[in-house]
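Visitor: My questions all concern the structure below.
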Amino acid sequence: MKMPAVAESEQLPVQQAREGKPEAWDILFRRYQLPLYVYVFELVRNEQTSLDIVQEVFIAAARHIGGLRESDKFGSWLFGIAHQKVIQLWRKRDGKEVLFDEVPESPDAFEDGPDDLLIRREQEAEFMNLLNQLPLPQRSVLLLHFVEDFPLEEIARITETQLGTVKSRIHYAKKLMRKLLEEKE
Amino acid sequence: MKTPGDILFARHQAAAPKLDAIRREIVQELNNQETKEQSRPHNFVAWFLCCSNKLWLELVWPCRRIWTGLAAVWILIFVFNFSQRDPAELMARKSPPPSPEMILTFSEQQRLLAELTRLNETQAVEPPKRFMPQPRSEGRIEALTA
């Protein structure tokens, strides 16, 4: 079920999309539509708003593909647009800055791989519940980590935060989830 | 056991038809745009702008640091070259125009030089003495008698 996250440049027709070929855009949108939707939905918690944001992201991507410097970073570029749209929405809703409570940095503490957190069937609902309880910045980086398995540097670029901050956010979020899941057993 | 990614994708799989509809709509719009662009007569200005934009994006923009570096090097070379210019030339430019006496002396000198060269030329043009070959033996006898 998980989307392939490697060797994008070999498989994805980013260059053809730059040349404005609709069939290339079709392939790219098909590849990213669900991961983008999952990321946006888990942050905004509203189906219609999430669909609207995904649509806006696709339109913005088709318009501004010229601004993409490295073709192999298409995925993170697209998620970067989505992240900005979500932040705009939060600002409109709350009328204030959203990115927010910093956790202390511990760059050396990050050792976890993307799939080290395995969840049993009966724990799935609990996992989703815990994910929704996480503060937005931690939820955001964790989702990028789970959904697309982006490298930490790219997560930092998407969320426009320091690498150390990304490492500590993921580390603390996963630690917290693991602890809560163990407590519920 | 499932990974968090698997759980998230499975949970939102139901949104796939709606996402497909959005994708199709946008791709259709892109198709229409492409058809319009193909049917539009080619405008030279639009073509030129498109090409320059492509060149800018593909050649200059990705390596703008290199281009900036090159420009800086060129400026340095230009400044260095300018500072190393021949001072005599600069002095000549800066010096006031020559006085009439100086011009007179200069023309006098030129006239003298022209005369001298003409004299040399006439000497050089004078035909050489004719050489009359003699038999070798006669020459020897003359020398002995002398």
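Visitor: How about region A:19-40: which of its residues are surrounded by fewer than 19 Cβ atoms within 10 Å (Cβ to Cβ), more than 17 Å from the chain's Cα centre (by Cα) and at the interface with chain B (Cβ under 9 Å from one of its Cβ atoms)?
Guide: The answer is A:G20, A:K21, A:E23.
Visitor: Give me the pairs: first residue in region B:21-32 and closer than 16 Å to A:V54 by Cα and open to solvent by 20 Å² or more (accessible area, probe 1.4 Å), second residue in a helix (DSSP H, G or I) and among the acidic types (D, E), beta-carbon distance under 8 Å, and six or more apart or on different chains, which are they?
Guide: Going by the 8 Å Cβ cut-off, there are no qualifying pairs.
Visitor: In addition: For region A:101-147, enumerate the residues that are polar (S, T, N, Q) and modelled with pLDDT of 80 or more.
Guide: Those that are polar (S, T, N, Q) and modelled with pLDDT of 80 or more: A:Q123, A:N129, A:N132, A:Q133, A:Q138, A:S140.
Visitor: Got at least one residue in region B:68-83 being away from chain A (no Cβ under 12 Å), under 17 Å from the mean Cα position of the chain (by Cα) and either under 30 Å from A:D26 (Cβ atoms) or not hydrophobic (A, V, I, L, M, F, W, C) (or both)?
Guide: Yes, the conditions are met somewhere in region B:68-83.
Visitor: Identify all residues within region A:49-74 that are facing another protein chain (nearest Cβ under 9 Å) and open to solvent by less than 40 Å² (accessible area, probe 1.4 Å); write none if there are none.
Guide: Hits for region A:49-74 are A:S50, A:L51, A:V54, A:F58, A:A62, A:G66.
The values are calculated or read from the model by the stated rules, or taken from the named source; none is laboratory data. Just so it is clear, the model here is predicted, and its values are computed rather than measured. Heads up, the Cβs are rebuilt from the backbone with ideal geometry, glycines too, and the neighbour counts pull from every protein chain shown. Keep in mind that these areas ignore ligands, DNA and RNA; they rest on the heavy atoms of the full protein, side chains included. Shrake-Rupley method; radii C 1.70, N 1.55, O 1.52, S 1.80 Å.
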